[in-house]
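Notes follow the structure.
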């Protein structure tokens, strides 16, 4: 899809991290923007910035774990602009710890936001995209953790693996219908964001979760800038690329995992956090 001025982008998790980078990239191309986030204060600050840049936009507080709120987001976008050319299912959280010690609420919250949030976005926007005359593309933000598993990251990894599978299935479904809707899945490694801000390991510290969190925080602080990630994403949209990676140096690890699968070798985690 060629990105043009006046096309419409809908972005969840839009007020920080990768979402904010996507807002900036779309604004730089003079797209019209519908920015959704859980934080009203960050959305208000974003709206002021977009007004200063003379970008036509709408903001909406939206918890993507609630299908009714995602429905309202789609209604807002189509009522205001009549089309959506780029949907970024980007909102996400991280909860970690030993798989059997993460609470049911932790599992439900992570799956509801990271996975079902994208499901609700697909259900609300795809039927309308199929009816519009203008082109469309959907980008689902997964993670490196959607391709490689790690200890202490059960809820997060499971949700992101599910999102990779959903994205591939959605691609096949749309191809079978002859639909002109592009699909991409973004699998970033370390990107500067505030995803760790809500982490509270508490009881999990004794099992190494705090060491994992320190490692993740260090990586995120030194990670790729969200604006750079967003430029890669919009380039992928124009190339109609399904896979979007931020750190190609992980590709040998993907290859090693595939080789182990083909040769039926048991998984072995490569230690990255030293004692």
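Points worth noting:
- Here residue 106 does not fit the description of being free of Cβ contacts under 8 Å to residues at least 40 places away in the same chain, assigned to a helix (DSSP H, G or I) and farther than 21 Å from residue 26 by Cβ.
- Considering segment 190-270, the qualifying helices (runs of 4 or more DSSP H), each wholly inside and each with 1 or more residues that are modelled with pLDDT under 60, run over 209-221.
The values are calculated or read from the model by the stated rules, or taken from the named source; none is laboratory data. Note that the coordinates shown come from a computational prediction; the quantities given were computed from them, not determined experimentally. With ideal geometry, Cβ positions are generated from the backbone for all residues, glycine too; neighbour counts draw on all protein chains shown.
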